[in-house]
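Below: one structure, written as C-alpha cells.
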Amino acid sequence: MCGVVAIIYENDNKNIGNEACFLLKKLEYRGYDSTGASFITENGNIVLIKKVGAPSVVTEELEIGKRSGKKFIGQVRWATYGSVTDENAQPHEVNCSAHIIGAHNGNISNTDTLKEFLVEHGHVVLSDNDGEMLVHLIEHYYSQILKSKKSASEKDKVNYFKEAIKLAENKAVGSYAACVSSPDIPGIFAIKSGSSLYAGKGKDANGDFIVISSDLTSVLSKTRFLIPLSEGEAIYFTHKDYLVFSVSGDKEHKPGLKRSRLNIQDIALQPRFNYYMEQEIYTSSANLDIIMKYYLTETEEKKFHAIFEDNYKSCRALLYDLVKLYDIFDPKELEKVFLKIINNTDFLNVYELISKNNENTLKNSKSIGFTSEETPLLNELLGFGEEYFMKLFVLDLMIIWKKKRTIIKYKNQTVDILKKAKEKGARVYIVASGTSYHAALTAAVFFNNIQELSVIVANPGMFRSFYLASVQEKDILIGVSQSGETKDLVDIFTDIKNRFSKIKLISVVNNENSTIPQEKSDFYLPILCGSEIAVAATKSFISQIALFKLIALSMSYTDEDIKNKLGKIRHFMDFTIKNIEEDIIEVVLKLFLKPSIHILGTSLIGIAKEGALKIREVVLNHTEGYDSAEFKHGPNTILGKNTIYSFNDLEKLHTNLLTYFNDIYNQEFKNDKQIKSFISLMKNFKFSDYGAEILKGNFESKEERKIYQKAYKNYTEHINIEDYFSNYPLVFICPPDERDKRITISQIHTHKIRGADIILIAEEDEDLRKAIEGKPSGQEQYFNKYIRIPKTGDKFIFVFEATLALQLLALNMSITKRKYLNKNKIENHGVHPDVPKNVSKSITVD
C-alpha cells in the first residue's frame, strides 16, 4: 500500500510547500519506503523532489516546506514493483512526447508487458516502478491525440487528457488510485480504479482549494466537505470547480458536496501521545463505555426513549431531515433549514414531552454535551447560537435512540439464535483472519465457560478446507472483520449464500458501511471503536472481545448485571495500565533485541497468539503464541544451545574481538600513524565484516593487512562458542484459576532448567512467585520477571488486563528497538509502532 495526495490553489502559493509536508506526513502510516513531492507553478514550471525515506524524515531533508507553486502532487511509497531506490520513488515526471507528472497508489499487474510496449513506442523508462508505466501510458495516448489534432485550446487539452486516461485505464491491469497533471492544463486529474481515494473542497488562509488523497484523514485535516467518488470514476479539478467522469464510459456529472460525519479531532493524535498505537492502547477502555451505551438499556433513558417510541414516525422523519443538512453548504441556507426543523410542530411536541418528564437528564445536559455519532454536525449547528443547545441536545438523544434500538434489536436476535443453536445442537462457526481470528478464539473461551456453548473457530482457509462441505442449514456463521472488507471472509459469506438459503449469517465489524455488513450478512453487530490509524490492531481487538463477552453474558444475565461486569473490566483496565509500566519497561530492555520469543497462554491461546502477533508486527522479532502445555511437544527444542543469536550476543562477540585487536596493535604497531590508522579502521568495523568478509577490509599497507589477519586468526583459535549462547525467553500468561496455575507452574519448572528465561504475566500468587524465582542449578544467567496484574480473581477480567500488558510490551519494545537501530544508523529497518514494514491497512471507518 502507498498513498497519493494532491492539492491545488487558484494562484502560486508560497505556503504550498508547508501544506505538502503536512499532507505527506498524514500518509506516513501508508508508506515510508520513499517520499516524493512535485510542484507546478502558474507558468508551467515543474519541480520534482523525491528520496528514499519516510515523510517525517524526507520532508525535512529535502526542505519541501520551502517550495511554492499552484499545484502539488505527492506520494508515499510502500514498495511492491521495483526496489526501494530514489529512481523508483514517486511522483514520476515524463517528457518523451508530452510533459506529464503523476503518482499512483496500488498495483499495476501487467507492468512488465506495459514496459515492453512503452519502450517499443520510444518511451524512455527510467525505473521498474509500475507508477511510471501508468504515467507514461497516459503520456503516450495524450500525445497521440494531440498529434492527430491541428490545434488545441486549453479546454480541448483537458478533454484530450480525459480520453488519454480512459485509454490508459483500458490498457493497464490492476487496482490503483492516481493523480496526474501537466503544465498544459490548469487543473489536476485523479483516478479511482480499485484503491481508496477521497476528495474534498474547502478554503483556508491561502484561498479556495480542492484536495485529493488516498486517505480520508488527510482530507478531513483540511475540510469536512467531501466530493463523492465511486469506484471506476476519475475527477478533474481546479481550485474551485470539478467534474467527475467514468473511466470506462461516457458518463460525466458534478455530484454535490457531502459533509463528513467524521471530525479530524476524532482521528488526530492527541498531544500527550507520541504514536497512534500508544493512543489507541491507552484509550481502549473508553470503548467499553460506548459498547455499553449502545448495547445495554439504562434506567434513566427509558422515559425519553418511550417518548421517542410513541412518536416513532415523527422522530424518524425529523432525523431524516436532520441528515439532509449534510448536503447544505451555504451557511444561511443551513441555518434556515435547521430552524425549520427545530420549529417543526412534531419536534416541539417531542421537545416539550422530554422537558417535562426528564428534568434530571436535561439539567445535566451541559456537562454531558453531545455524544452521538452526529456530534460534528450538531456542534456546527450550535454555532448559530447557544440558545439552541437544549433543542440540539434533544436531537442528540434522538439520534442515539434511533441507532441504539437497531443495535439492541440485532443483539437480541443474536442471543436468541445462539440459545436455539445450543438447544438444537446446531454448530456455531466464527470465521475471521488475523487479530479478528484471535478475538474469535477468545470469544470461544467466553461462550464455553459462561454458557457452556461450544463454538468452532476458524480462519477462512481453515473453514473452507475443514468445514464448508459439512455445513448444514441449521448452523450459524459469525464473521469477524474490522474493515468489513476482508476478501477471504467475503468469499466465505458468498459461498455460504450460494449454497444455503436459511443459514444465518451475522457479522461483527467496525466499518458499518462496508461490503460484509451491507451486502453479505443477514444483520451485523458493530464494535463501535471508531477509527484505528496504527497498522497493528489494539483497541479494535479490545472492543471485539468486549462485545463477545457482552453477547455471552446476555444469554443469561440482565443488562444491569452486564453493565456492572463490564464496568469492572473497564476499571481494572485503567488500573492495570497505571500499575505495570515499570515492570513492562524492565522486560522490554531484556527482550527488545531478542530474535525469537514464545508467548505461552494457559487456556488463553487467543491472547497468546494476539500478543505474539503484536510483537511480530511492530518489533519485527519472531514471536509465536502457543498454549503453554503444548509448547513441550516439539517447540521446546529451541531451548538451550541453539544458533539464534541476538544483537546483544553479537555485541559481546564484537567487544571480545576488539580486545584481541587492541592487544595486537599494542604489540605490533611502532608509531602513532599506524595506531591512528588501525583505530580508524576499527571504528568503521561492521557486523557484516565477520567471517570471510573480515579479511577483505581496506588497508593502507600489506603490514596492516597482515596484522589484522593475525589478530583475527588469534581470536578464532581461542573463541569459545559456549560464551555466546543465551537463554531463550518464554512469556507465560496465567489466569487466576487453580488448574491453570498448576499447569503453568509445571511448565515453568520444565522449561527453565533447559535454558529458558521466564517472564510471567499473572495476578500475585505465592506459588507462582516461587516457581519463577528459583534459579535452576547451572543456569547462572537465568532471568525472570513477574509482571503482577491487579488482583481480581476473575479469569475474564484477567483476559483484558493481560491483553493490555502484551500490547504495552509490544509498543515499548518497538519504540526501544527503533531508537536503538536509528542510533546505530541502520537504514530501512522498518521498526515502527504505527507503520511497520511489509504490512499496511486503511483506516477501518470511513
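The values are calculated or read from the model by the stated rules, or taken from the named source; none is laboratory data. What you see is a predicted model, and the numbers here were worked out from it, not measured in a lab. When we count neighbours, we look across all protein chains shown, and the Cβ atoms used for this are built from the backbone with ideal geometry, even at glycine. Surface areas here come from the heavy atoms of the whole protein model, side chains and all, with no ligands, DNA or RNA. Shrake-Rupley method; radii C 1.70, N 1.55, O 1.52, S 1.80 Å.
Note on Lys775 and Glu359: their simple-model spin labels are 7.1 nm apart, each label 7 Å out from Cα toward Cβ.
Element breakdown for the chain at a 1.4 angstrom probe: carbon and sulfur atoms account for 48% of the accessible area. Most tightly packed first, judged by the mean number of other beta-carbon atoms within 10 Å of their residues, the peptides 238-248, 742-752, 27-37, 294-304 read 27-37, 742-752, 238-248, 294-304. Stretching the chain fully between Asp250 and Lys791 yields a gain of 188.1 nm (0.36 nm per residue, less the alpha carbon separation). For Gly194, the residues whose amide H sits under 5 Å from its own are Tyr176, Gly232, ignoring neighbours fewer than 5 places away on the same chain, with H placed 1.01 Å from N. By its C-alpha gyration tensor, with a ≥ b ≥ c as the square roots of the eigenvalues, how is region 334-441 shaped: rounded for a/c under 1.5, else prolate for a/b larger than b/c, else oblate? Because a/c hits 1.5 or more and a/b exceeds b/c, region 334-441 counts as prolate.
Of the peptides 454-462, 621-629, 392-400, the ranking by mean beta-carbon count within 10 Å, highest at the top, reads 392-400, 621-629, 454-462. Rounded to the nearest whole Hz, the Karplus-based 3J(HN,Hα) values (6.51 cos²θ - 1.76 cosθ + 1.60, θ = phi - 60°) of region 365-372 follow the sequence 4, 5, 6, 6, x, 7, 10, 7, with x at glycine and proline.
Here the chain carries DSSP beta bridges of which approximately 60% are antiparallel, counting only pairs with both residues inside. Backbone geometry of region 806-823 corresponds, through the Karplus equation with coefficients 6.51, -1.76 and 1.60 at θ = phi - 60°, to 3J(HN,Hα) couplings of 5, 5, 5, 4, 5, 4, 6, 5, 5, 4, 5, 5, 4, 5, 4, 5, 5, 4 Hz, x marking Gly and Pro. Each helix, a run of at least 4 DSSP H residues, gives -39500 (n - 2.57); summed and divided by the residues of the chain, these come to -14500 deg cm²/dmol at 222 nm. Taking a ≥ b ≥ c as the square roots of the Cα gyration tensor eigenvalues, region 566-621 comes out oblate, since a/c reaches at least 1.5 and a/b does not exceed b/c.
With θ taken as phi - 60° and the Karplus curve 6.51 cos²θ - 1.76 cosθ + 1.60 applied, the whole-hertz 3J(HN,Hα) list for region 778-790 is x, 10, 5, 8, 4, 10, 9, 8, 9, 8, 7, 7, x Hz, x standing for glycine and proline.
Between Lys590 and Asp346, full extension at 0.36 nm per residue minus the direct alpha carbon distance yields a gain of 81.3 nm. Placing +1 on the Cβ of every Lys and Arg and -1 on the Cβ of every Asp and Glu, with no other charges, gives the chain a dipole of roughly 520 debye about its Cα centre. Peptides 143-154, 63-74, 185-196 ranked from most to least packed by the mean count of surrounding Cβ atoms within 10 Å: 185-196, 63-74, 143-154. Note on P(r) over Cα pairs in 20 Å bins from 0, in percent: of the candidates (1) 13, 38, 36, 12, 1, 0; (2) 14, 43, 33, 9, 1, 0; (3) 14, 47, 31, 7, 1, the value calculated from this structure sits at (1).
Gain on full extension, evaluated as 0.36 nm per residue between Asp495 and Thr406 minus their Cα-Cα distance, stands at 29.3 nm.
The Cα center of region 300-337 and the Cα center of region 750-816 differ in position by 53 Å. On a per residue basis, the chain carries 42 Å² of accessible surface, using protein heavy atoms and a 1.4 Å probe. Would you please give the FRET efficiency between Tyr312 and Lys825, computed as 1/(1 + (r/R0)^6) with r the Cβ-Cβ distance and R0 = 41 Å, to the nearest 0.05? Given R0 = 41 Å and the Cβ-Cβ separation, E is 0.05. Proximity of backbone amide H atoms, modeled 1.01 Å from N, is registered between Tyr786 and Leu760 at under 5 Å, excluding neighbours fewer than 5 places apart on the same chain.
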